[in-house]
Protein chains: 2
Amino acid sequence: MSGKIYVGVDLGGTSIKVGLCDEQGTLLHTYEGPTGTEEGPQVVLDRIAQYVKQIVSDSSYTWEQVAGVGAGIAGFIDLESGIVIRSANLDWDNVEVKRELEERLGCPVRINNDANVAALGEAWSGAGRGVAHVVCLTLGTGVGGGVIINGKIVEGFRGMAAELGHIKVVPDLEAIQCGCGQIGCVETVSSATGIIRMAKDAVGRGEATSLSELSTLMAKDVFDAAKEGDEVALRIVKRAAHYLAKAMAAVAVVLNPQRFIIGGGVSRAGDILFDEIRKVYKLNVPPAFAEGVDIVPAQLGNDAGIVGAAGLNLN
Amino acid sequence: MSGKIYVGVDLGGTSIKVGLCDEQGTLLHTYEGPTGTEEGPQVVLDRIAQYVKQIVSDSSYTWEQVAGVGAGIAGFIDLESGIVIRSANLDWDNVEVKRELEERLGCPVRINNDANVAALGEAWSGAGRGVAHVVCLTLGTGVGGGVIINGKIVEGFRGMAAELGHIKVVPDLEAIQCGCGQIGCVETVSSATGIIRMAKDAVGRGEATSLSELSTLMAKDVFDAAKEGDEVALRIVKRAAHYLAKAMAAVAVVLNPQRFIIGGGVSRAGDILFDEIRKVYKLNVPPAFAEGVDIVPAQLGNDAGIVGAAGLNLN
């Protein structure tokens, strides 16, 4: 096969996922293996290099066609030097990932944090394909974000741009504390964690809801109950959507994106969540920031991380 | 003289200001003349071309050294085509400024809105010189903004990025309507208009303040009274600073800028305003967004518009 190829690595605490993308960002092959975090960074880096070499040699491409290798890692990263300053789920401190992998692979390596990389994946070949100004929000345990302008990640002074979960939108009198130390962050209500908390609070207060019959509570249970017409569950979903939309309204006047892409487990709630987000967003921005702007679900699912990591070497 | 030169035009409703900058953004010469809006766009464009040719021929540079001409214009502009869709203070609709000026001058012309251009000026050779991630806020009749990343204006999907005055920060129950149609925009409290309104409200309520002795009220009067210890004036200044800092906190987690630059008439209030902004900002962001981040006054004053317009042709 002709053309360049891009290798992406999604480095998680339990598994390493490696993928091969063509120049259009189409994911051609993937390979997944255990991380083996307990063996320490050097062994993990050896393993990544081995997986990368393997996936290329198993493909119909040659090593010479590899434009570069990118890796997405959860943690605090010095983007320029490619050093992982601290990653909690790998238990790494000051690991020179870029240098170590470049030595092992002999090709350019770039790394970035998992939220930025997932956003780049969606912008390159997912729900943001062909759109120049894209903002992604990932609703999972927390609320992650990524801003992609003209195909490039907006990184900020210390690589901390797009921490969209920490936009403060809940009024002080209703706000609870966020893991970041602030109060009222959108993450406290619009994440899976926030939704479960609101559901448990309602059950604890003895409100009339089908959720009180469940022994464990997941965000999905709340959405399912809301879809069946449970008033309490519906109120919780609307609250999560409401504050997310308010945060998006703030992002809109700062960046004027054309498309918001919403992914992560919570986004699987579907129309019940998206309809409310779209309604509240429109009510909270001047009209010119809503015209031609759309709010759509992510398309790549878990592959966004691999694809976006591959895309780090695009320009 | 050797090197390239950059010509900037600050096109206002009453006067046209033209300036010549060197490659470092130093403003070498300026020229100012009347706009003559009433004579219509073609005459105004002729006049701009004349002023531009004049200032270059009066300098020690040659026309061949001109890298390009930029113009900052208040209004809604299609940046790519360089068409002023609507400018209220010029009373222009769909004027092809870029094409018309390129025909008259025979060199590249770029235009942008006045707030973006002022931000670029400060980032290039004012308070943001040498800083890669800069956010500017201009506190005047409204609150304008500009975001400059690596020397480039962040424009957004429809050129409306950095409308920072419309970040909604005032809680609904305290909020008043903004000119944009929304309620609670930071512009409603942190602009000169907002400050004067709050002062008039206090006087109208019969609060004990030296401001009640004045026949007309300007924002400067409020700052002067606050500096002299007037409690009511002080409360108003703190409120303006408080909500501005809250808007800046939202910008911080979206863009992670290294420096905030605050300009415009209101910023001349000095320490009484800046001390409060810095305090409230720090209280409203996770610590990593405050470390190494500074909040400083603009340096170029009214020249920011000319310098930034000149800088539009930098890359």
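What the phi angles of region B:28-33 give under the Karplus curve with 6.51, -1.76 and 1.60, with θ = phi - 60°, is a coupling list of 8, 9, 9, 9, 10, x Hz, glycine and proline written as x.
Taking every residue in A:246-253, how many Cβ atoms of other protein chains lie within 10 Å of its Cβ, on average? Don't skip to the end; give the middle numbers.
Details: counts 1, 3, 0, 4, 10, 6, 7, 18.
Mean shielding by partner chains, rounded to a whole number: 6.
If packing is taken as the average count of other Cβ atoms within 10 Å, what order do B:49-60, B:263-274 fall into, highest mean first?
Values: B:49-60: 16.1, B:263-274: 19.3.
The packing order, highest mean first, is B:263-274, B:49-60.
Need the list of lysines near A:Lys98 for cross-linking: C-alpha distance under 26 angstrom, and skip anything on the same chain fewer than eight residues off. List returned: A:Lys4, A:Lys17, A:Lys53, A:Lys152.
Entry for region B:1-147 at q = 0.15 Å⁻¹: log10 I(q)/I(0) = -0.76, Debye formula applied to identical alpha-carbon scatterers, no solvent contribution. Label zone of B:Asp58 (point 7 Å out along Cα→Cβ, amide N under 19 Å): in region B:1-31 this covers B:1, B:5-12, B:14-22, B:26-31.
Position A:Glu96: other-copy label points at 5.7 nm, ordered by increasing distance, label point 7 Å along Cα→C-beta. What you get for the protein assembly as shown, charging only the Cβ of Lys and Arg (+1) and of Asp and Glu (-1), is a dipole of about 340 debye around the Cα centre.
For the protein assembly as shown, what does -39500 (n - 2.57) per DSSP helix run (n ≥ 4), summed and divided by total residues, give at 222 nm, in deg cm²/dmol to the nearest 500? Write out the running numbers ahead of the final one.
Working: 18 runs with 220 residues, N = 630.
Result for the protein assembly as shown: -11000 deg cm²/dmol, rounded to the nearest 500.
For B:Trp92, the amide hydrogen comes within under 5 Å of the amide hydrogens of B:Ser87, counting only partners 5 or more places away or on other chains and with H modelled in the peptide plane. For region A:130-298, the spherically averaged projection of the C-alpha convex hull amounts to 10.1 nm². Within chain B, the selection of entire DSSP H helices by a Cα span of 15 Å or greater along the long axis and an average Kyte-Doolittle value of at least -1.0 returns B:41-57, B:114-125, B:192-204, B:231-255, B:271-283. Peptide A:150-160 has a mean of 5 when you count, residue by residue, the C-beta atoms of other protein chains within 10 Å of its C-beta. Measuring against 23 Å, Cα to Cα, the residue pairs A:Lys200/B:Lys246; A:Lys238/B:Lys282; A:Lys168/B:Lys279; B:Lys200/B:Lys238 contain A:Lys200/B:Lys246; A:Lys238/B:Lys282 as the ones spanning a longer distance. Which percentage, to the nearest 5, of the DSSP beta bridges contained in chain B is antiparallel? The antiparallel fraction comes to roughly 60 percent. On full extension, the segment bounded by B:Arg268 and B:Glu96 gains 58.3 nm, given 0.36 nm per residue less the C-alpha separation.
Does region B:86-196 come out rounded, prolate or oblate, given a ≥ b ≥ c as the square roots of the eigenvalues of its C-alpha gyration tensor, rounded meaning a/c under 1.5 and, failing that, prolate meaning a/b above b/c?
Numbers: a/c = 2.50, a/b = 1.49, b/c = 1.68.
Because a/c hits 1.5 or more and a/b fails to exceed b/c, region B:86-196 counts as oblate.
Express the Stokes-Einstein translational diffusion coefficient of the protein assembly as shown in µm² s⁻¹, to the nearest whole number, given a Kirkwood radius over alpha-carbon pairs, 20 °C and a viscosity of 1.002 mPa s. Walk me through the numbers before you get to the answer.
Details: Rh = 26.3 Å.
Answer from the Stokes-Einstein relation: 82 µm²/s.
Compute the FRET efficiency between B:Thr26 and B:Ser212 as 1/(1 + (r/R0)^6), taking r as their Cβ-Cβ distance and R0 = 41 Å, and round to the nearest 0.05. The value I calculate is 0.30.
Put simply, the Cα atoms of chain B extend 61, 45, 35 Å along their principal axes, the longest span coming first.
Provide a whole-number value for the mean count of partner chain Cβ atoms within 10 Å of the Cβ atoms in peptide B:287-299. Numbers along the way, then the final one.
On the way: counts 3, 5, 8, 0, 2, 2, 2, 0, 0, 0, 0, 0, 0.
Taking all residues of B:287-299 together, the mean is 2.
Bear in mind that the values in this text are calculations on the coordinates, not laboratory data. Remember, it's a predicted structure, so these values are computed and weren't measured experimentally. Note that each Cβ is placed from the backbone with ideal geometry, even for glycine, and that neighbours are counted across all protein chains shown.
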